[in-house]
Amino acid sequence: MVSRDSAAKPASTGWPTELQDIDTALNETPFMDVFKDDLTNNIVTKFVRDVVVQNQQGHDETGDGKSLNTGDREFRRQAIRLGLASLDAFLQANVTGPVLEGTDTSDAVFASAYQKAIRCIEEPGANGVPGLKRPIESFRKLCVRSLDTDGVSVYPYIPQIELFGFARFIFTSGNILPVDPPEAWEADSDDTLAGDLSWIRFRVHFWHYKLLTQPSLGPGSLFTKSGRWTDVATLQETIQKSLDDAEASVTRVVENEEGAETPAWSHEHRIQFYLEKANAHLMLGNDKAARRALQSATENSGFVYALSGALGKRTRFQEKDISQLVVLAKSLQITVTDASEQKSSESAPSALPLNDDTLLEKIDFKNENGVAEGRSELPVQLRDIVPDKQPKLKPEDQIILLTEATLKDTFSPSDALTSEEILPFAVRVIDDKASNWQIYTQALLVRSRIELNRSRTLERAVLQMQAVVDQVIVDTQTPALATASKDAENCNGSNTESEVPLIELTTTNSRPTGSVTPKKPTSFLPAPTPSESASAQERLRYVNALASPPRWHLESELAYAWASVGSLVSATEIFKRLRLWAEVALCLASNANSDDDRDGRGSGGEEKARAIVRWRLFHHTGSRPDSKDDEDDLDDADVDISTLKVSDFRGPERSPAPPNAPRLFCILGDLENDPAHYERAWEISNRRFARAQRSLGELYLRNQEWTKARDAYAAAVAVNRLSPEMWSRLGDIELRLGHFPDAAEAFQRTISTAGSGGEGGEDARTWSNLGSALLSWYREAAAENKASRERRLKEESGDDVDGSHANTSGRATDGKEEEIMPSTAPAARLSKQPHKLLNDALEAFKRGATIANSNWRIWDNVVTLAASLSPSPGFDDVILGTRNVLRIRKTEDALDVDILTLLVREMTGRAAGSGDGAGAVYEPPRASLERKVIDLFENDVVPLLTATSEPWSLVSRLRAWRRDWAGALEAAEKGWRAAVGGSGARVSGGGGSSSLAPTTVASSSSGTAAAADWLQDAGAWDAVVQRTSELVAAYENYGDEVESVGSRWKGKARMSVRSVLGKGRESWEGSDGWKVLEGLLEELKG
């Protein structure tokens, strides 16, 4: 840890200001100049020894050379300067360009320190020091290995990787600069360096995460989406913690010389921090947190923008102006500094023209001035803006638009509508001209990603991405070969080629540099001259606020672009050049076709993929475990993969394992369906690679080995507790096994890890599954309690002669209770009674139904559970759920007669109010339960009734309760007509259709088939008899109250009974129902 001086600290350190001064001073000198002083050599020595010791098994760190006065203020300033320069130099060499000059100085420093460290640590008497033939390359391998996290390795051929490791060591190890927790630096007002460096630590951790993300063939190859398939939970937690610390520092206020509170960081720095926060959450897959951070950046900037519409033409043959999507945007203000910066930044990457025979190069907007129709909803600042003459934007505001576009592209479904909504954001930045080289490059890249989804812009998208890739390669790799050779000569006295994959690009007026290497592509466009390019300082200024990918990831996106147009060969060649052998194997496997002729072109793709993966993991067949004969081939980008065969690589496993060996074993497991490969990947990663257990679990699921699958997913979530997808999968398996308490816990973890939005990893599905788990848990717990009570009664009555379930206290012991009552015991530990589980299940179903508002099955579950609550049903939820089911299904079959009967019974059991006067129809108060039930029946149920008779009976009862005699009589007549002429529905209690019971053929039959059914079916005949009895009772009770009926009610009732008797005489004469109708007729005659 950092040592502390006992000397008194200054009253005010002002570290934010000093950090800004150090960063500004670095822009005036080459980054590599920091490696020319003695202090740098001392810190480098400490870093190199730390890396070597980490990779040397069985060795403890001895003396670390000169002691460093880490508490000295000047030392800290120099260390910060050294760390920032190393980080910026690394980003210049791998992300932004231009070519990093002076790397021979840093290479010599690191190589010398590495040689000294090896000589100090190697055991006496050792014959030579391994790796000293190429010390800088050997040290880079150790640096790559030191960045491994949870079994995931960084790209093994990153140029100047030691610079990133060095910066990471300075800022995050605690050996050079303080990394105290927030509570420590908040309490220590005299020295806030640890807190003020938290922003830089966040950047270092986040770039570490970016280096770990895996390119792939498919939609995941997009850099912003790759984080979803990167299982490094340990680093994700570290990023989140450092992000919280950084936000606390950036938003901190301090007292100035006048005693007034002012922000510790400038306004521009706060905007940039929130942009970095948004991009971090975007990479981590937290869309809601990313949107909140972007909103904070927008508010701090005062930026106003909106996606709107404007009249214009999009095609060459369009005659009329129609509405076109456009982003209207305006910065708060353009300062003199901003204007001078934009004026000085005249260089920009080349944007390719569309050159389409139908689409215009850009939308030709109709020239409108003033507030157009429909613009009243726009912010006031945007109403006077003409779409094709918009004001210049500040660089930060351009980044906000690009981040908005990237957010939509990353988290929205890939379809034409989404692309139309996203494209105007990128176009607005491109049309704004170049204010910063890196921002403009990112805008071209974002536009290319979007245009890949449309056939007319696909060609421009692929070629533009090719041009951007070439630009990055030209700006980062052109002199690399010569530099590598020079380093080799300086350090070793031999001319050996660098291990970094090198690509040489030429222009029409230039000659190739360095030695000739085969298959080196030329640039798509001529390389820019120095006067046309931008400085490293300009490119790096906003690189952390942009989601800019490293160059190998950018080439992987290009490979995916070529694959999307059907050129898998081009994609494979790019991956081969990058030596991404896992992706090469996946390309071949995806192109495989088992129906192809084995001797045909492109056949045997899966076999070739297996051969490549085995070549990376295993020695040749028959080799010894310590064989090193074929190790040199592993780094050969020009190896002929067509000659590799599976049978040639069944020898011992390579030791040490190659980078990303766990992932390679998982791919091999996918290709060979062998669980041993997944288990080996798990062991190699020291039980940290969650994908291995996830893949193993999926294999067991395909084989229906549920218990093994559960164990595999349990191991996966134990190391990656932040993956909602794996928690959800574990919950599904526990639900399938009937382990309802464990299933409920898994689904709750799914929801909690999916973010503060609370919608869960799979939205409504997760909430619905949680409700199902809690409901099943409740049923089991209720059954166990019932069995326990019965067992206790037997024990008290002495029926349990053997006493197998009794003990001295009359209850099961704690150990036995878990075995006897597996559902009740977990609920008791959580202090949950069975009825509480039922309430929780209802809340889960309600939440799921709210999210998936068009899923009637979830709403039906809400109705069922709400009606089952004890001691009284939840009538509000019953009504809400029933109304939504009817709204969605819009059919008579959706009516649940049992639920409707429950509501009517509850209403008729209450006393109706007096109404406006004696005998007036009762109108319940608003928002009362009575009003909700009446509105449900009158507005939702009655409009659906056509051929079902029983709901009419309920409507009649409800209207009679309200003293609506005419309405009650009308409902009784309609119910009788439905039963006699168009329904075979059964009476209440006679097996009527309900969502609580399985639907039968009889209950779901059509009205036409059931119209004559009551003449044959006894159940339908009983329904007709009951509807007739209810009609007669309605005439008798309400006839005199209805003006249109009055005293004629007896005649109408007799006609109804005679009609049924006449039709049913042949079929039902002498039956019980016949006798009931005859009795009614006799009473009406009397």
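Would you call Leu558 buried (at least 19 other Cβ atoms within 10 Å of the Cβ) and over 22 Å from Leu458 (Cα atoms)?
Working: buried (at least 19 other Cβ atoms within 10 Å of the Cβ): yes; over 22 Å from Leu458 (Cα atoms): no.
Against the criterion (buried (at least 19 other Cβ atoms within 10 Å of the Cβ) and over 22 Å from Leu458 (Cα atoms)), Leu558 does not qualify.
Please go through segment 1019-1047 and give me each residue that is among the aliphatic types (A, V, I, L, M) and within 15 Å of Ala968 (Cα to Cα), ordered by number. Walk me through how you get there before you give the answer.
Residues of segment 1019-1047 that are among the aliphatic types (A, V, I, L, M), as a first pass: 1020, 1023-1025, 1031-1034, 1042, 1045.
Leu1031, Val1032, Ala1033, Ala1034, Val1042, Val1045 - these are the residues of segment 1019-1047 that are among the aliphatic types (A, V, I, L, M) and within 15 Å of Ala968 (Cα to Cα).
When Ala426 is tested against the conditions (1) closer than 24 Å to Asn355 by Cβ; (2) in contact with a Phe, Trp or Tyr (Cβ under 8 Å, 6 or more places away or on another chain); (3) modelled with pLDDT of 80 or more; (4) not acidic (Asp, Glu), the lone failure is (2).
Inspect all residues belonging to segment 559-577 and state whether any of them is under 22 Å from Ile161 (Cα atoms), modelled with pLDDT under 90 and aliphatic (A, V, I, L, M). Give the steps one after another, and end with the answer.
Here is the first cut: in segment 559-577, the residues under 22 Å from Ile161 (Cα atoms) are 574-577.
Add one more test, that the residue is modelled with pLDDT under 90, and what stays is 574-577.
Add one more test, that the residue is aliphatic (A, V, I, L, M), and what stays is 574.
The answer is yes; a qualifying residue exists.
Do you know which residues across segment 11-52 are farther than 21 Å from Arg252 by Cβ and either of a type in the set (Asp, Glu) or not assigned by TED's automatic domain parsing to the domain that holds Leu100 (or both)? Passing the criteria: Glu28, Asp33, Asp37, Asp38, Asp50.
From the list Ser331, Ser345, exactly one residue is polar (S, T, N, Q), over 18 Å from Arg449 (Cα atoms), at pLDDT 90 or above and surrounded by 15 or more Cβ atoms within 10 Å (Cβ to Cβ). Which is it?
Values: Ser345 fails: at pLDDT 90 or above.
Exactly one of Ser331, Ser345 is polar (S, T, N, Q), over 18 Å from Arg449 (Cα atoms), at pLDDT 90 or above and surrounded by 15 or more Cβ atoms within 10 Å (Cβ to Cβ), namely Ser331.
Put simply, of Leu664, Leu671 the only residue that is more than 25 Å from the chain's Cα centre (by Cα), in contact (Cβ under 8 Å) with a residue 60 or more places away in the chain, closer than 30 Å to Tyr157 by Cα and assigned to a helix (DSSP H, G or I) is Leu671. When Leu958, Leu954, Leu869, Leu902 are checked against the criterion of being at pLDDT 90 or above, surrounded by fewer than 19 Cβ atoms within 10 Å (Cβ to Cβ) and among the aliphatic types (A, V, I, L, M), Leu902 stands alone in meeting it. Listed by first and then second residue, the pairs linking a residue in segment 527-542 that is over 17 Å from Gln92 (Cα atoms) and in a loop (DSSP other than H, G, I, E, B) to a residue that is at pLDDT below 75 and not hydroxyl-bearing (Ser, Thr, Tyr), with Cβ atoms under 7 Å apart and 6 or more places separating them unless they lie on different chains, are Ala527/Leu505.
The C-beta contact set for segment 390-405 (first residue within 15 Å of Asp431 (Cβ to Cβ), second residue assigned to a helix (DSSP H, G or I) and of a type in the set (Ser, Thr, Tyr), distance under 8 angstrom, 6+ apart or interchain) comprises Asp397/Ser301. Can you find a residue that is modelled with pLDDT of 90 or more, in a helix (DSSP H, G or I) and under 23 Å from Asp231 (Cβ atoms) anywhere in segment 645-659? No, segment 645-659 has no match at all. With respect to the stated conditions, Leu774 is in contact (Cβ under 8 Å) with a residue 40 or more places away in the chain and crowded, with 19+ Cβ neighbours inside 10 Å. Of the residues contained in segment 681-688, none is found to be in contact with a Leu (Cβ under 7 Å, 6 or more places away or on another chain) and not in a loop (DSSP other than H, G, I, E, B). Considered as a group, the residues in segment 129-160 that are in contact with a Leu (Cβ under 8 Å, 6 or more places away or on another chain) and not in a loop (DSSP other than H, G, I, E, B) include one that is surrounded by the most Cβ atoms within 10 Å (Cβ to Cβ), and that residue is Val152.
Answer with yes or no whether Thr766 is assigned to a helix (DSSP H, G or I), among the polar types (S, T, N, Q) and within 29 Å of Lys288 (Cβ to Cβ). Explain how you work it out, then say what you get.
Values: assigned to a helix (DSSP H, G or I): yes; among the polar types (S, T, N, Q): yes; within 29 Å of Lys288 (Cβ to Cβ): yes.
Judged against the criteria, Thr766 is a match.
Please verify whether Ser67 is of a type in the set (S, T, N, Q) and modelled with pLDDT of 90 or more, treating the condition exactly as stated. Against the criterion (of a type in the set (S, T, N, Q) and modelled with pLDDT of 90 or more), Ser67 does not qualify. The listed residues are Asp840, Asp860, and the only one of them that is outside the structural domain of Ala960 (by TED's automatic domain parsing), surrounded by fewer than 21 Cβ atoms within 10 Å (Cβ to Cβ) and touching a residue at least 60 places away in the same chain (Cβ under 8 Å) turns out to be Asp840.
The values are calculated or read from the model by the stated rules, or taken from the named source; none is laboratory data. What you are looking at is a predicted structure, and each value in this text was computed from that prediction instead of being measured. Positions of Cβ are backbone-derived with ideal geometry, glycine not excepted, and every protein chain shown enters the neighbour counts.
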